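Inspection log for the structure reproduced underneath, given as structure tokens.
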Amino acid sequence: MQIDLHSHSIFSDGTLTPEDLLARAATRGVKTLALTDHDETGGLAAARRAADAHGIQLVNGVEVSVTWSGSTVHIVGLNVDVENAGLQAGLAQVRAGRDERARGIAHALEDIGIGGAYEGARQFAKNPDIIGRTHFARFLVERKIVKDTSEAFKRFLLGGQPAWVPHQWAALEDAVRWITGSGGIAVVAHPGRYKFDNAQMRTLFGEFKALGGTAIEVVSGGHTPHQYQIFADYAQEFGLLASSGSDFHSPDESRCDLGGCPNLPAGCEPVWSAFIH
Ligand code: AMP
Ligand code: MN
Ligand code: MN
Ligand code: MN
């Protein structure tokens with residue numbers, strides 16, 4: 001796919017600078033890339049300069065952390081106006097909760113005999129405002145407590161594991177409003193990652209659509225091929241458009257490289273028809 005609408009840089013939990021991310025996208029033949037850092041748009045200015053140099057169309061993006069019905073859901077905003085005050089105030093509010101959560105995760109690790117995790121994770125977080133679980137996962141790899149970040153999540157960081165710390169993120173309606181209020185398009189990110197049954201998934205898509213949401217990430221690096229069709233069907237049922245993104249974080253960790261996702265299933269209405277030339 002020459003279009004990739006979900007990726008991360010060191011401005012959140014990716015490992016590449018925006019410059020290196022765009023260089024990699026160019027090498028891989030990506031023509032349109034959205035940089036969608038978690039709760040943060042700080043990487044977009046550098047990404048735009050690099051995109052211009054490589055002749056890549058950059059889509060200004062962000063991935064907002066949301067708590068919906070007691071679970072974490074991610075909402076990607078595409079084509080947002082980074083200068084918009086409402087969007088930036090909202091994102092600042094989401095970021096503000098992260099440090100306390102990070103200290104909570106570090107305490108929980110300390111309780112099971114793993115010390116120094118806050119400082120350790122902090123070193124992997126190039127942006128001190130966004131210390132996330134991925135940074136703790138990298139710390140646990142570095143300490144040789146786990147062999148890779150995936151094992152770190154399974155053994156320590158996912159719900160029900162010893163370093164799981166519940167956290168209240170943004171409300172769905174706020175996240176959608178921040179995105180659409182800045183002229184952007186709201187997309188439910190990687191719905192296949194959520195542990196929802198059919199009824200919950202329908203409620204989510206129904207509420208999201210009613211709030212002004214536009215699309216579902218049908219093809220994602222976090223989805224199995226079987227899930228592409230499942231979410232293509234949901235998109236059609238709810239009159240939502242289909243998005244596609246690798247959710248690339250790092251050359252060493254990603255299941256799907258930049259531009260590495262397959263085409264949308266037949267019959268999907270691509271979200272990008274509105275803003276990609
Ligand atoms: P946070 O926003 O701090 O809760 O971290 C969420 C991030 O953790 C996601 O954006 C992914 O990058 C990463 N992540 C979540 N679940 C997993 C998993 N099972 N394996 C590897 N990385 C994961
Ligand atoms: Mn991430
Ligand atoms: Mn996500
Ligand atoms: Mn992501």
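The values are calculated or read from the model by the stated rules, or taken from the named source; none is laboratory data. For clarity, every value in this text was computed on a predicted model and none was experimentally measured. Heads up, the Cβs are rebuilt from the backbone with ideal geometry, glycines too, and the neighbour counts pull from every protein chain shown.
Could we say that Asp111 is more than 15 Å from Val176 (Cβ to Cβ), exposed (fewer than 15 other Cβ atoms within 10 Å of the Cβ) and touching a Pro at 6+ places or on another chain (Cβ under 9 Å) here? Full working, then the answer.
On the way: more than 15 Å from Val176 (Cβ to Cβ): yes; exposed (fewer than 15 other Cβ atoms within 10 Å of the Cβ): yes; touching a Pro at 6+ places or on another chain (Cβ under 9 Å): yes.
In short, yes.
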Considering only the stretch 241-267, state which residues are without any contact (Cβ under 8 Å) to a residue 60 or more places away in the chain and surrounded by fewer than 24 Cβ atoms within 10 Å (Cβ to Cβ). Leu241, Ser254, Arg255, Cys256, Leu264, Pro265, Ala266, Gly267
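Quick one: is Ser273 within 15 Å of ligand 1 (Cβ to nearest atom) and over 23 Å from Glu173 (Cα atoms)? Reasoning before the result, please.
On the way: within 15 Å of ligand 1 (Cβ to nearest atom): no; over 23 Å from Glu173 (Cα atoms): yes.
Against the criterion (within 15 Å of ligand 1 (Cβ to nearest atom) and over 23 Å from Glu173 (Cα atoms)), Ser273 does not qualify.
What helices (runs of 4 or more DSSP H) lie completely within the stretch 43-146 and have 3 or more residues being over 26 Å from Met201 (Cβ atoms) and of a type in the set (Asp, Glu)?
Numbers: elements: 44-54, 85-96, 98-111, 117-124, 133-142.
Those helices (runs of 4 or more DSSP H) span 98-111.
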Number of the exception - Ile230 against (1) assigned to a helix (DSSP H, G or I); (2) surrounded by 21 or more Cβ atoms within 10 Å (Cβ to Cβ); (3) more than 16 Å from ligand 4 (Cβ to nearest atom): (2)
Looking across the stretch 163-199 at residues that are surrounded by fewer than 17 Cβ atoms within 10 Å (Cβ to Cβ) and among the aliphatic types (A, V, I, L, M), the single one that is farthest from Glu100 (Cα to Cα) is Ala199
Could you grab me the full set of residues in the stretch 82-130 that are over 19 Å from Leu172 (Cα atoms) and small (Gly, Ala, Ser)? Ala102, Gly104, Ala106, Ala108, Gly113, Gly115, Gly116, Ala117, Gly120, Ala121, Ala125
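Given Ser254, Ser220, which one is within 13 Å of ligand 3 (Cβ to nearest atom), modelled with pLDDT under 95, under 19 Å from Gln2 (Cα atoms) and touching an Asp or Glu at 6+ places or on another chain (Cβ under 9 Å)? Give the derivation first.
Working: Ser220 fails: modelled with pLDDT under 95.
It is Ser254.
Identify all residues within the stretch 236-255 that are assigned to a strand (DSSP E or B), in contact with a His (Cβ under 7 Å, 6 or more places away or on another chain) and either farther than 13 Å from Val218 by Cα or more than 14 Å from ligand 1 (Cβ to nearest atom) (or both); write none if there are none.
Just the residues of the stretch 236-255 that are assigned to a strand (DSSP E or B), to begin with: 241-245, 248.
From what is left, the residues that are in contact with a His (Cβ under 7 Å, 6 or more places away or on another chain) are 245, 248.
Selection gives Phe248 alone.
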When you scan the stretch 9-21, do you find a residue that is within 24 Å of Arg193 (Cβ to Cβ), assigned to a strand (DSSP E or B) and either within 16 Å of ligand 3 (Cβ to nearest atom) or within 19 Å of the chain's Cα centre (by Cα) (or both), even just one? no
Please give the number of the condition Gly212 fails out of (1) at pLDDT 95 or above; (2) surrounded by fewer than 17 Cβ atoms within 10 Å (Cβ to Cβ); (3) farther than 20 Å from Ile185 by Cβ. (3)
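Residues are listed down the side, and each one gets a yes or a no for (1) over 23 Å from Asp252 (Cα atoms); (2) away from ligand 4 (no atom under 15 Å from the Cβ):
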| site | (1), (2) |
| --- | --- |
| Leu22 | no, yes |
| His38 | no, no |
| Gln57 | yes, yes |
| Val62 | no, no |
| Thr67 | yes, yes |
| Glu83 | yes, yes |
| Gly86 | yes, yes |
| Ala89 | yes, yes |
| Arg101 | yes, yes |
Against the condition of a type in the set (Val, Ile, Thr), modelled with pLDDT of 95 or more, within 16 Å of ligand 3 (Cβ to nearest atom) and touching a Ser or Thr at 6+ places or on another chain (Cβ under 7 Å), how does Val73 come out, does it pass? no
Mind listing just one residue for me: the one in the stretch 20-56 that is surrounded by fewer than 17 Cβ atoms within 10 Å (Cβ to Cβ) and acidic (Asp, Glu) and, of those, nearest to Gly132 (Cα to Cα)? Asp20
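Check the stretch 193-211 and report whether any residue there is closer than 30 Å to Ala26 by Cβ and hydroxyl-bearing (Ser, Thr, Tyr). Let's see the steps before the verdict.
As a first pass, look at the stretch 193-211 and keep what is closer than 30 Å to Ala26 by Cβ: 193.
Imposing the further condition that a residue be hydroxyl-bearing (Ser, Thr, Tyr) reduces the set to none.
Checking the stretch 193-211: not a single residue is closer than 30 Å to Ala26 by Cβ and hydroxyl-bearing (Ser, Thr, Tyr).
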Among the residues of the stretch 38-46, are any touching a Cys at 6+ places or on another chain (Cβ under 9 Å), away from ligand 2 (no atom under 16 Å from the Cβ) and of a type outside the set (Val, Ile, Thr)? no
